[in-house]
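Asks: Quick one: this structure, given as structure tokens, is what I'll be asking you about.
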């Protein structure tokens, strides 16, 4: 694995430095030019061979500090032996299939994390889960009395306990619900870097967008973390979770039915509290060790490797900025201080601002925290080609289809994409496939 590169300045200091702020202003305003002429520097689509940029031309002073890995699913480069051991132990826990005796269920979605994140381990296989709810007089009801809003589609089956026999079955959509949304399992690559971005950096980014690109500006989703602190959410389709540790505990409970110190309350099947009287393992299922191992695995999992920079991908990168995609899909973020050297003060390229944007009809209709049914977190674009489908519900099978499905604040960029000539469209899609 390559050695870690030197760390760069924090994102907050970068975007508040006068010269950097001036440059940022120019770039952001450039991204909003609706009538900017199409690029003419892209090579012909009929070119038999791609020209890879020489090293001296491919070097970009703004990306000298980027974290990199060589293979999808590997740990971060530059980890110490103890950190590599934590990664291996976390990966083992992540792969392990849980059983009823350990606390699985009584309703759940899968018996292991890897059942949804197996392409490769830590990725996504496109597994869809169901969210539901109901709007009454314009107000969203998550339907907790029906076990909402996440539907657990497995039950542990027939159980005989000292309290009698009970058959735990999969939950179903409540007949009175009028909102249903599918959500694709998200890939986990590089999330330790995302976790380490200071809240102040994301808040500053939101402020910059509000000032320079107000029509597409995102908002930070302020949420209460498991420890009670109010923080900027960044994980999940609604940015409804602020930290990887909370993300781990939440998934352990809601996906597999495992209670833990920070998530001690079992999910009542279909909202029926009485059904928990027959729970075969009513005590705390995990003392926190399993949750921490999940968090360790995700924290130390490396980001997706980038494809080669070429003349074509560089041209596509410019098109990406020109039509406004970069307004929300921020290319580079920088972590703050971390006890893990491989994560501390490192720049990385997720191509997301991790903010909420009003996506209009592309929203999933589900409200979570302060995120409305129209709000969705900007989906990171790194590792794009490792996914079987795109958008929150997997409806798009190609990046082009995903762009054309954009609505709300993404409408202007979608329309500019639709007007691109064949060369610029080709270079843009080549750039996306290189991420």
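Asks: State whether region 114-171 is rounded, prolate or oblate according to the following rule on the C-alpha gyration tensor (a ≥ b ≥ c being the square roots of its eigenvalues): a/c under 1.5 gives rounded; otherwise a/b larger than b/c gives prolate, and the remaining case gives oblate. Could you put the intermediate results ahead of the total?
Replies: Values: a/c = 3.84, a/b = 1.02, b/c = 3.78.
Judged from the Cα gyration tensor, region 114-171 comes out oblate (a/c at least 1.5, b/c at or above a/b).
Asks: Moving on to the next point. Take residue 128 and residue 401, extend 7 Å from each Cα along the Cα→Cβ direction, and tell me the distance between the two endpoints in nm.
Replies: 1.1 nm
Asks: Something else now. Taking 8 Å as the Cα distance limit and 6 or more residues as the minimum spacing, I'd like the relative contact order of region 310-388 as a percentage.
Replies: 24 percent
Asks: When the chain is fully extended, how far beyond the present Cα-Cα distance does residue 337 get from residue 418, taking 0.36 nm per residue of separation? Each step should come with its number before you reach the end.
Replies: Numbers: separation 81, 0.36 × 81 = 29.16 nm, distance 4.19 nm.
Fully extending the segment from residue 337 to residue 418 adds 25.0 nm.
Asks: Could I ask something else about it? Taking the highest mean first, how do the peptides 135-146, 95-106, 170-181 order by number of other beta carbon atoms within 10 angstrom per residue?
Replies: Taking the mean over residues of other Cβ atoms within 10 Å, the ranking is 95-106, 170-181, 135-146.
Asks: If a/c stays under 1.5 just call it rounded; otherwise compare a/b with b/c (prolate if a/b is bigger, oblate if not). Do that for region 219-260, with a ≥ b ≥ c from the square roots of the Cα gyration tensor eigenvalues.
Replies: Details: a/c = 3.08, a/b = 1.69, b/c = 1.83.
Oblate, since a/c reaches 1.5 and b/c is not below a/b.
Asks: If you don't mind, another one. What translational diffusion coefficient, to the nearest whole µm²/s, does region 340-435 have by Stokes-Einstein, given a Kirkwood radius computed over alpha-carbon pairs, a temperature of 25 °C and 0.890 mPa s viscosity?
Replies: The estimated diffusion coefficient comes to 166 µm²/s.
Asks: Starting from the Cα of residue 163, step 7 Å along the direction of its Cβ; do the same at residue 274; then give the gap between the two resulting points in nm.
Replies: 1.2 nm
Asks: Just to confirm my numbers, what's the Cα centroid distance between region 220-267 and region 287-314 in Å?
Replies: 19 Å
Asks: Measure out, as a whole number of angstrom, how far apart the alpha-carbon centroids of region 270-285 and region 104-182 sit.
Replies: 15 Å
Asks: To make sure I understand, if each residue's beta carbon is the centre and we count other beta carbons within 10 Å, what order do 205, 301 fall in, fewest to most? Write down the numbers at each step before the final one.
Replies: On the way: 205 24, 301 28.
So the residues, fewest neighbours to most, are 205, 301.
Asks: Sorting 244, 429 on the 10 Å Cβ count, fewest up front, what's the list?
Replies: With the fewest neighbours first, 244, 429 line up as 429, 244.
Asks: Something else about it: Quote the FRET efficiency, to the nearest 0.05, computed for residue 88 versus residue 284 with a Förster distance R0 of 25 Å and r equal to the Cβ-Cβ distance.
Replies: 0.45
Asks: Which of 162, 92 comes first, and how do the rest follow, when ranked by fewest Cβ neighbours within 10 Å? Before the final figure, lay out the partial values.
Replies: Working: 162 6, 92 11.
Neighbour counts put them in this order, fewest first: 162, 92.
Asks: Let me ask something else about it. Take the Cβ-Cβ distance between residue 411 and residue 372 as r, set R0 to 25 Å, and report the resulting FRET efficiency rounded to the nearest 0.05. Spell out each step's value before the answer.
Replies: On the way: r = 17 Å, r/R0 = 0.68.
The formula returns an efficiency of 0.90 here.
We did not get these values from a lab; they are worked out from the coordinates using the rules stated. What you see is a predicted model; the values in this text were computed from it and never measured. Heads up, the Cβs are rebuilt from the backbone with ideal geometry, glycines too, and the neighbour counts pull from every protein chain shown.
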